[in-house]
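First up is the structure itself, then whatever we jot down about it.
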Amino acid sequence: MSEEKFSFQTEAAELLKLMVNSVYSNRDIFLRELISNASDALDKRRIEILKNPELAENTNPEIKITTDPDKKIISISDNGIGMSRDDLVNFLGTIAKSGTKEFLRTLEQAQNSGDKNLIGQFGVGFYSVFMVADKVEVVSRKLGTDLTSEFISDGGSEFTIKTDVEQRSECGTTITLYLRDDSNLKNYADEWVIREIVSKYSDFISWPIIFKDKAINSQKAIWQKPESEVTDEEYNEFYKHVARDWQNPLMHIRINAEGSTNFKGLLFIPSFAPFDLFMNPESGGISLYINRVFIMNDCKYLIPSYMRFIRGVIDSEDLPLNISREILQEEPVIKIIQRSTQRKIFNELKKLLETDREKYIKFWQAFGRVFKEGIIQDNEHAKNILEIALFKTTDNDGWTTIDEYKARMKEARPEIYCLAGSDDVSILKASPKLEPFTNKNLEVLLLTDPVDEVILNQASYSLKNLDYKLVNISRGDVNPITPDEQKDLDEKLKAVEKDFEPLKKFIMGILSDKLEDVKPALNLTNSLSCLRDNNGMSVQMENLFRASGNELPEQKRTLELNVSHPVIKKLMLSAKNNDDEKLKDIAQILYEQALILEGAKLKNPADYVRRVNNLISIAVGE
Ligand code: ADP
């Protein structure tokens, strides 16, 4: 059959609807998207022919724009790699990007709340044509094949694929847009409108964009131009092209390495994290060029994985053009480029932290979580990462660096106290574990990312070259007191030991499956109880671990009870007098309260509520 109908994949149909209803304010960018795709197709053609020279077609690679202003038709043609019938169905009928679903869900919420910025975070590429056209035809022949196919859509839920269409003489793709008859729209078939859009958004495209028989783009590689000749707008548009982002970047970084290895780089830090940043630890965002010729996207060897959010271009003069992907990783030049790029990024981030705190915080909020993975992966640079890492703190509501923390210390000491275990700062701030520290006016860093706990565990034994120690205060053995104070405390604890024993026995009798031990504590102030992680794994970490499918035996913790608190004193007395009935619920509640303060979910909240209600009944005299 020569003509078939298909339905758009659900997510594609949803995005399409958004385009038809034009949620973006700037519709000009549909042309940028089509030219970007055409340019990619030409890059792919070049690389394919390098691998298979017999496929070469004798045509000059170019992108061609033609128009019919009266009929309001515009066509964008390329003689690039082209698409087969199946490609048309798969590439244009579905959206392969991971995170699309999540994006659509967030978008729905954002639209309800009137936040229009969000959509800009997601490139919709080809579908943007439906902002300006009510019918689109895509005719394509894939390089090395002789079947020309056509995709036709009017932006509805179905599209048509034809395979009996006239053969294209050149490989590649022609996209024809039938522009909407809408007086609010610019006439995109108008010569000057096209010239303006191309020079604004696509000037740097390295293939000629032919319009009225002449190239209308300068084709200059932007990273080859001196910094002073490139405007912010040019950087922004180039970024959007390489990163497939619709928003401006947070900053750009130029690299100009000369010496034994010569290369140029133009890197960008995006303003926002993409939706799939955490799902895709293998992806990289740097394109490799050799002597201005595109070689490959997403060259992960150019940058360590914890810098994978960085986008841009590296252009080397020292690699052969026909280098194969397989040996890239082993190539010494690539390793040198990686090291020097990494160094430059550290320096630039440090500079940003020193000169523009607000912008740096934006960077950190978007990418700090990924960046910190480097502390675990890259022992050699852990120190550099920690130097520019930001943390929440008990000292103020903002962010702090480790250096700033050290500067605030009343007396110099190597320990940097840290509390992890919840992604919510307010939960950490309410933790009874802070009490011994706040009592002594000691500042504690509050670490809210799951990776922080791993870092803390690692920091305690393997971080080298640091003149300080990151100390996890969740562990029961971390106590901010002097040896003399410790001696005094030990004596006092010894004194209560005997009176504490019956309560301890009682609680262990009912909670021995959850608790390792019950201990008296004298360094808590307001809290009655506090849970200690014996192996440094918090309740949050334990839950995360299980949620990701790992098996883990129940982690037993130590329950500390504040023996200077009148309530605990009374309970000790009750236990001594065998007043078990009264104690039963209370002991459970003490444990459950400590869990709640950890930010944990109770396994059986109904039981907890019943126990508290029993106490309420007693309190109100029922
Ligand atoms: P993206 O370019 O971000 O992947 P698009 O929706 O713009 O998303 O395009 C989807 C896919 O369709 C592209 O990845 C590419 O494989 C294919 N495609 C689009 N335009 C062309 C073209 N002119 N030539 C060849 N393939 C194309």
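The values are calculated or read from the model by the stated rules, or taken from the named source; none is laboratory data. Please read these numbers as outputs of a predicted model, since none were measured by experiment. Using ideal geometry, Cβ is built from the backbone for each residue, glycine included, and neighbour counts are taken over all protein chains shown. Heavy atoms of the whole protein, side chains included, go into the accessibility calculation; ligands, DNA and RNA do not. Shrake-Rupley method; radii C 1.70, N 1.55, O 1.52, S 1.80 Å.
Calculate how many DSSP beta bridges within the chain are antiparallel, expressed in % of all such bridges and rounded to the nearest 5. Taking every DSSP beta bridge with both residues in the chain, the antiparallel ones total about 75 percent.
Suppose R0 equals 22 Å. What FRET efficiency, 1/(1 + (r/R0)^6) with r the Cβ-Cβ distance, do residue 380 and residue 469 give to the nearest 0.05? Efficiency, rounded to the nearest 0.05: 0.70. List, in the order given, every pair from 142/344; 492/556; 51/351 whose Cα-Cα distance in the structure shown is over 32 Å. In this structure, 142/344; 51/351 exceed 32 Å between Cα atoms. Solvent-accessible area assigned to carbon and sulfur over the range 303-354 amounts to 47 percent, based on a 1.4 Å probe.
Here the range 460-576 exposes an accessible surface that is 52 percent carbon and sulfur, computed with a 1.4 Å probe and the other protein chains kept in place. Within the set of other residues whose C-beta is less than 14 Å from the C-beta of residue 219, count the net charge using Lys and Arg as +1 and Asp and Glu as -1. Counting the neighbours of residue 219, the net charge comes to 0. When only the Cβ of Lys, Arg, Asp and Glu is charged (+1, +1, -1, -1), the dipole of the range 453-584 relative to its Cα centre reaches about 200 debye.
By how many nm would the segment from residue 613 to residue 305 lengthen if fully extended, with 0.36 nm per residue of separation less the alpha-carbon distance? Provide the component values of the computation, followed by the final result.
Details: separation 308, 0.36 × 308 = 110.88 nm, distance 5.19 nm.
Contour length minus Cα-Cα distance gives 105.7 nm.
With the simple model of a label 7 Å out from the Cα in the direction of the Cβ, residue 580 to residue 494 spans 3.3 nm. Note on residue 200 and residue 410: the model spin-label points, each 7 Å out from Cα along the C-beta direction, lie 6.0 nm apart.
May I ask you to derive the FRET efficiency for residue 54 and residue 214 from their Cβ-Cβ distance with R0 = 30 Å, giving the value to the nearest 0.05? So the FRET efficiency works out to roughly 0.35. The convex hull built on the alpha-carbon positions of the range 480-569 has an orientation-averaged projected area of 7.0 nm². 3J(HN,Hα) along the range 231-243: 8, 4, 4, 5, 4, 4, 5, 5, 4, 4, 5, 6, 9 Hz, from the Karplus curve 6.51 cos²θ - 1.76 cosθ + 1.60 with θ = phi - 60°, whole Hz, x for Gly and Pro.
Counting only heavy atoms of protein chains, what accessible area per residue, in Å², does the range 6-109 have with a probe of 1.4 Å?
Working: 4910 Å² over 104 residues.
Heavy-atom accessible area per residue stands at 47 Å².
Accessible surface computed residue by residue for the range 488-583, with neighbouring protein chains in place and a 1.4 Å probe, gives 55 Å² per residue. Close amide-amide hydrogen proximity is noted between residue 395 and 444, each under 5 Å apart and 5 or more residues distant or on a separate chain (H modeled in the peptide plane; Pro and chain starts excluded). Net charge in the neighbourhood of residue 490 (other residues with Cβ under 14 Å of its Cβ; Lys, Arg +1, Asp, Glu -1) is -2.
Helix-only arithmetic for the chain: the sum of -39500 (n - 2.57) across DSSP H runs with n ≥ 4, divided by the residue total, places the mean residue ellipticity at 222 nm at -12000 deg cm²/dmol. Put the Cα centre of the range 172-215 next to the Cα centre of the range 436-460 and the gap is 55 Å.
Work out the length of the dipole vector of the chain about its Cα centre, built from +1 on the beta-carbon of each Lys and Arg and -1 on the beta-carbon of each Asp and Glu, and round it to the nearest 20 debye.
Values: 82 positive and 100 negative charges, 242 e Å.
So the magnitude is around 1160 debye.
Rg ratio for the chain: its Cα radius of gyration over 2.2 N^0.38 Å, N being its residue count, equals 1.24. Ligands, DNA and RNA excluded, the heavy atoms of residue 616 present near 90 Å² of accessible surface to a 1.4 Å solvent probe.
Provide the net charge surrounding residue 534, with neighbours chosen by a C-beta distance below 11 Å and charges set as Lys +1, Arg +1, Asp -1, Glu -1. My count for the surroundings of residue 534 gives 0. Using a Förster distance of 25 Å, how high is the FRET efficiency between residue 550 and residue 101, based on the Cβ-Cβ distance and rounded to 0.05? Efficiency for this residue pair is about 0.50.
Subtract the Cα-Cα distance of residue 501 and residue 516 from 0.36 nm times their separation in residues, and report this length gain in nm to one decimal. Display every interim value, and only then the final one.
Numbers: separation 15, 0.36 × 15 = 5.40 nm, distance 1.50 nm.
Here the answer is 3.9 nm.
Given +1 at the Cβ of Lys and Arg, -1 at the Cβ of Asp and Glu and no other charges, the dipole of the range 411-474 around its Cα centre is 220 debye to the nearest 20. Here the 3J(HN,Hα) profile of the range 70-87, calculated from phi with Karplus coefficients 6.51, -1.76 and 1.60 at θ = phi - 60°, is 5, 7, 6, 10, 9, 10, 10, 10, 9, 10, x, 4, x, 10, 7, 4, 5, 4 Hz, Gly and Pro shown as x. Measuring against 22 Å, Cα to Cα, the residue pairs 64/220; 101/200; 17/71; 504/569 contain 101/200; 17/71 as the ones spanning a longer distance. Distance from the C-alpha centroid of the range 463-480 to that of the range 288-364: 34 Å, rounded to the whole angstrom.
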